[in-house]
Amino acid sequence: RRGGAGGQPAFVLAESHAFVGERAEALRYLRQSIAAREPLALTMRIDPLLRNLHADPEFRRLAAQIGQPG
């Protein structure tokens, strides 16, 4: 499943929104990426484009979901 226009993975859209400071949109696409089990989602903890989200409680909750059965 692709996240949006142009067939971009939801994770890439999350990175773009995080980079420009659109926290809510970034988290929305991260949720989609995790739900779709996109391989890129496994990198969310170390992705430099998502660094500004690390203190966000929602980001931490999503990061804890990575690798969990679902």
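The values are calculated or read from the model by the stated rules, or taken from the named source; none is laboratory data. The model shown is predicted, which means the values in this text are computed figures rather than measured ones. Glycine gets a Cβ as well: all are built from the backbone with ideal geometry, and neighbour counts include every protein chain shown. Ligands, DNA and RNA are stripped out before the accessible areas are found, and what is left, the full protein with its side chains, is counted by its heavy atoms. Shrake-Rupley method; radii C 1.70, N 1.55, O 1.52, S 1.80 Å.
Going by the conditions given, is E58 of a type in the set (D, E) and closer than 14 Å to Q8 by Cβ? So E58 does not fit the description; no. Just one of the listed residues (G7, G3) is among the small types (G, A, S), touching a Ser or Thr at 6+ places or on another chain (Cβ under 8 Å) and modelled with pLDDT under 95, and it is G3. I'd like to know if region 23-46 contains one or more residues that are farther than 21 Å from G7 by Cβ, small (G, A, S) and outside any helix (DSSP H, G or I). No; the residues of region 23-46 include none that is farther than 21 Å from G7 by Cβ, small (G, A, S) and outside any helix (DSSP H, G or I). Pairs meeting the criteria (first residue in region 36-52 and open to solvent by less than 100 Å² (accessible area, probe 1.4 Å), second residue charged (D, E, K, R), beta carbons under 6 Å, at least 6 apart or on different chains) are A36/R1; L49/E15.
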